[in-house]
Amino acid sequence: MLSGCSNFTNKASSGGSSGGGTFTFTSWGTGAEKEAVTAVVNSFCSSKSLKGVSQNIPYDSYETKLNTLLAASNAPDAGYLTEAMAMRLGEQGKVASILGEKGFENFLPQTIHHWANDKAVSQTAVEVECLWFDQDATEKAGVTPPATTDGAWNWDAMIQAADKLTVDDNGRHPSESGFDAAKTKRYGIAGLTGLPTLVALLKSKGIDMFDDAGTKTNLDDPAAIAVIQDVADLIFEHRVSPTPAQATTYGGSTALLLASQRVAMAIDGQWALLDLSQSKLKYNVGVLPRYDKPLTTLLGGANGIFISTPYKDVALELLVQLADPSQVPLYSNGLWMPMDRKYYTDETAMSKWLKEGVHPSNYKTAVVAPTLSNSVVMPAYKIKNFSIVSTTLTNGLTPVFSEKRSDVTQYVTKLADQVKQQMQGAYPDIVS
Amino acid sequence: MSASATDQAAGPKAARPHKRRNRMKVSQQRWGMFFAAAAVIGFFVFTLLPMVASAVIGLTNWTIGTTPRFIGLDNFRAIAVDPLFWKSFRVTTTYAVFAVPGGLLVAFVTASLLNRVNRTRGFFRTVYYLPVLVPPVASAVIWLWIFNPDSGLLNAVLSALHLPTLLWVYGESTAVPSIALMTIWGFGNMTLIFLAALQGVSRDLYEAAECDGANPLRRMWHVTVPSISPVILFNLVTGMIAAFQIFDAAYVMTQGGPNNATLFYVYYLYRKAFTEAQLGYASALAWILFVVIVLITIVILRTSRGWVFYEGERR
């Protein structure tokens, strides 16, 4: 896994020395991600005559830990940042801008996020929402999830396919009489209730989740409420999708969810590929269902360089190296997608991160192509106070997807009003 | 004279043990202060100093990364019109109303039952105390499974009894009572304290009541409850303080959801401090909680004069 790093170390060695200090990089992530990031930081720092300290902090307590370090004026030199934190710290002048710096010129514009017109951070990597599926289950049911955006299922087609894949203990489908929902053996589809998926579905209908000024959510738009109602109906009306609580029981990750054979298709981020590739499951990937325009959501945390570091140039170089698939194994093992445009357009460059046995046959058309041409950026960077706004939205929508309600319109309207009170404006970031 | 001579002769001898006692007293005082110093210094450094700092920070506008700016009582004014503050206050109070009396009742009943058994008392005492030893996060994860609407133990029992199932922590209206139920599960601590108190109730009082014709319920109400009322007061005060400081369940199980139904006060405070990085606002919230807890404690202690009885107390 770490073989790529030796090459990278040699290159870095030629870059010269920065002399004997300590360079701290903080990150989250477990398993392969933790190992790879630590190895890259250590080898990079030793090539710069620095002592590398890679601090791994669990994602759930990452903001807490980093905020505490900042309050104690003990910020690391560089590290991962959540979207909202990156923008807040950028605005406060605590994080350095990467605009105009060498090595970032060809990053996809969707991966550069501006807190001011002339100041920005870059993402750690690219992630998009994908439709993962159990190929044995789909083939057996005669369902072929679309591999290109041109063939993306519209809502009804998706329901039909999910219905074919959903079966109870007696082998009946939800559309057949006698189907026993209490004894559902396998659901057709899961994972539509998360905010990233909803962002794509709403935008597919031409609706932005928030207004451009960041003053309100458009969830109370009748067309948006219809989308939320559609997703709820998948669970309670068409009975082809489990509730989020049920899905959690079947498996804590998409790989486990599909491997449990309780769900045939699941929408999740591209990062799910790392676990899927290490499972025994025969998996493949398709594009998200659409209303009008087929879309996926592009997302990902940020990399930040703290202004207090005496090693800004070293940190910039490290971030560029972390974005290079030939140096970091996390691209070829399925966790990350690159940020440089050439890795999506140039076949030779693509071969550096697309790996047979990890990236399935539909990957290029269902994931790589839509990332460039059919993606909407998660408004996590654009909207100020996003971590709180998204928590309120996620928590607020849970009851809609947990039990059948007859008051979805009133409920969502009330929720939108609650969210509006928490909104604090927008950054001049690119959203679409 | 002779007496005086004797006194004089005995003087230096008598002064020696006195001196030794004095030296020992001084030495004991020094050692006592030395050992107490750890706790006192700990209190000053880790409790009093942060409290003073928090009081000062509460008067500033301080978002982590910026320089604190003195704003007087503006944080408190903002809190007064913050709907999430009121929501978190309501949620926490509701939780306390369910969890504290529920916990007291279950612990008291269990302790009364344990007080009646002799041979197996140790076994049951251990069994009931075990949940207290389970780390809060582990217990929260276990209860998430128990509460699962689809495959959880509780709904399986309800289904088996042909009763309607519930959403438990996943439902807006059932989330807080569910967490209260989970907290009550850890009633072992209270039970042990009640049990110790019950074992100290004089048999004479029961015998006298029995002679007066009191049935078991009356004996419980007129003998047991008054006799252990100081312990009830202790459990009530500590339970109430703990209830207003509940945090782990919201952090691990619900993240304040669904729809802020479990936005407990301390979780909201934590979110303000470490997610939104608003240290000034969060410190003001902390001080409001401190005052609320002090007020509740004072109210309980004041009202306790009418229902708590101490042995040998004159009225």
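A short reminder: the numbers here are calculations on the coordinates, not readings from a lab. Predicted model only: the values in this text are computed from it and were never measured. Glycine also receives a Cβ, built like all others from the backbone with ideal geometry; neighbour counts cover every protein chain displayed.
If R0 is taken as 60 Å, the Cβ-Cβ distance between residue A:215 and residue A:253 corresponds to a FRET efficiency of 0.95.
Distance between the modelled labels on residue A:405 and residue A:176, one decimal in nanometres: 3.4 nm (7 Å Cα→Cβ projection).
Each Cα pair under 8 Å and six or more residues apart adds its sequence gap; the mean of these over the residue count of region B:168-243 is a relative contact order of 28 percent.
Using alpha carbons only, what's the Rg to Rh ratio of region A:314-372 with Rh from Kirkwood? Using only Cα positions, Rg/Rh for region A:314-372 is 0.98.
Mean projected area of the convex hull spanned by the Cα atoms of region A:165-207, taken over all viewing directions: 3.9 nm². Shape call for region A:270-376 from the C-alpha gyration tensor, a ≥ b ≥ c root eigenvalues: rounded (a/c under 1.5), prolate (a/b greater than b/c) or oblate? Taking the square roots of the gyration eigenvalues as a ≥ b ≥ c, region A:270-376 is prolate.
When the alpha carbon gyration tensor of region A:58-144 is reduced to an equivalent ellipsoid, its three semi-axes come out at 36, 20, 10 angstrom, largest first.
Computed from backbone phi, the HN-Hα couplings of region A:307-322 come to 4, 6, 6, x, 10, 4, 5, 4, 5, 4, 5, 4, 5, 5, 5, 5 Hz, rounded to whole numbers (Karplus: 6.51 cos²θ - 1.76 cosθ + 1.60, θ = phi - 60°; Gly and Pro given as x).
With +1 on each Lys and Arg Cβ and -1 on each Asp and Glu Cβ, how big is the dipole of the protein assembly as shown about its Cα centre, in debye rounded to the nearest 20?
Computed about the Cα centre, the dipole is about 3700 debye.
Whole-Hz Karplus values for region B:40-52 come out as 5, 4, x, 5, 5, 6, 9, 10, 5, 4, x, 5, 5 Hz, taken residue by residue from phi with 6.51 cos²θ - 1.76 cosθ + 1.60 and θ = phi - 60°; glycine and proline positions read x. Where does the charge balance sit around residue A:270 when Lys and Arg score +1, Asp and Glu -1, over other residues with C-beta under 11 Å from its C-beta? Computed value for this residue: -3. With a ≥ b ≥ c the root eigenvalues of the C-alpha gyration tensor of region B:188-315, is it rounded (a/c under 1.5), prolate (a/b larger than b/c) or oblate? Prolate. Dipole check for region A:237-346: with +1 at the C-beta of Lys and Arg, -1 at the C-beta of Asp and Glu, and the Cα centre as origin, the magnitude is about 420 Debye. Listed by Cβ neighbour count within 10 Å, with the fewest neighbours leading, B:159, A:177 appear as A:177, B:159.
Taking the inverse of the mean 1/r over every pair of distinct Cα atoms in region A:130-178 gives a Kirkwood hydrodynamic radius of 11.7 Å. Relative contact order of chain A: 24 percent, from C-alpha pairs under 8 Å at least 6 residues apart in sequence.
Partner shielding of B:272-279 amounts to 6, given as the average count of beta-carbon atoms from other chains within 10 Å of each residue beta-carbon. Can you give me the Cα centroid spacing of region B:208-264 and region A:291-311 in angstrom? Comparing the Cα centres of region B:208-264 and region A:291-311, I get a distance of 49 Å.
Expressed as a whole percent, the proportion of Cα-Cα pairs in chain A lying more than 26 Å apart is 56%.
Taking the helices alone, chain B has a mean residue ellipticity at 222 nm of -21500 deg cm²/dmol, built from -39,500 (n - 2.57) per DSSP H run of at least 4 residues and averaged over all its residues. Dimensions of chain B along the principal axes, based on C-alpha atoms and rounded to the nearest Å, stand at 98, 70, 38, largest first. Taking each DSSP H run with n ≥ 4 as -39500 (n - 2.57) and averaging over every residue of chain A yields -11000 deg cm²/dmol at 222 nm. The amide H of residue A:282, built 1.01 Å from its N in the peptide plane, has A:135, A:136 as neighbours under 5 Å, considering only residues 5 or more places off or on other chains.
In nm², what is the average projected area of the convex hull enclosing the Cα atoms of the protein assembly as shown?
On the way: hull surface 193.7 nm².
Computed as one quarter of the Cα hull surface, the answer is 48.4 nm².
Residue order for A:114, B:222, B:18, B:162, fewest other beta carbons within 10 angstrom first, comes to B:162, B:18, B:222, A:114. Each pair of Cα atoms in region B:15-70 enters the Kirkwood radius, and Stokes-Einstein at 25 °C and 0.890 mPa s then converts it into a translational diffusion coefficient of 166 µm²/s. Packing, as the average of other Cβ atoms within 10 Å across residues, places the peptides A:359-370, A:338-349, B:253-264 in the order B:253-264, A:359-370, A:338-349, highest first.
Rounded, prolate or oblate: which fits region B:136-195, taking a ≥ b ≥ c as square roots of the Cα gyration tensor eigenvalues, rounded meaning a/c under 1.5, else prolate when a/b beats b/c? Because a/c hits 1.5 or more and a/b exceeds b/c, region B:136-195 counts as prolate. For the residues of A:396-402, the average number of beta carbons from a partner chain within 10 Å of their own beta carbon is 6. The charge dipole of region B:15-70, taken about its Cα centre with unit charges on the Cβ of Lys, Arg, Asp and Glu (plus for the first two, minus for the last two), comes to roughly 820 debye.
Considering only B:43, B:61, B:18, the residue lying farthest towards the positive end of the dipole of region B:15-70 is B:18, judged by Cα position with unit charges set on Cβ.
Each Cα pair under 8 Å and six or more residues apart adds its sequence gap; the mean of these over the residue count of chain B is a relative contact order of 27 percent.
Taking the empirical scaling 2.2 N^0.38 Å for compact globular proteins as reference, region A:221-264 has a Cα radius of gyration ratio of 1.35. Based on the convex hull around the alpha carbon atoms, region B:83-206 presents an average projected area of 10.4 nm².
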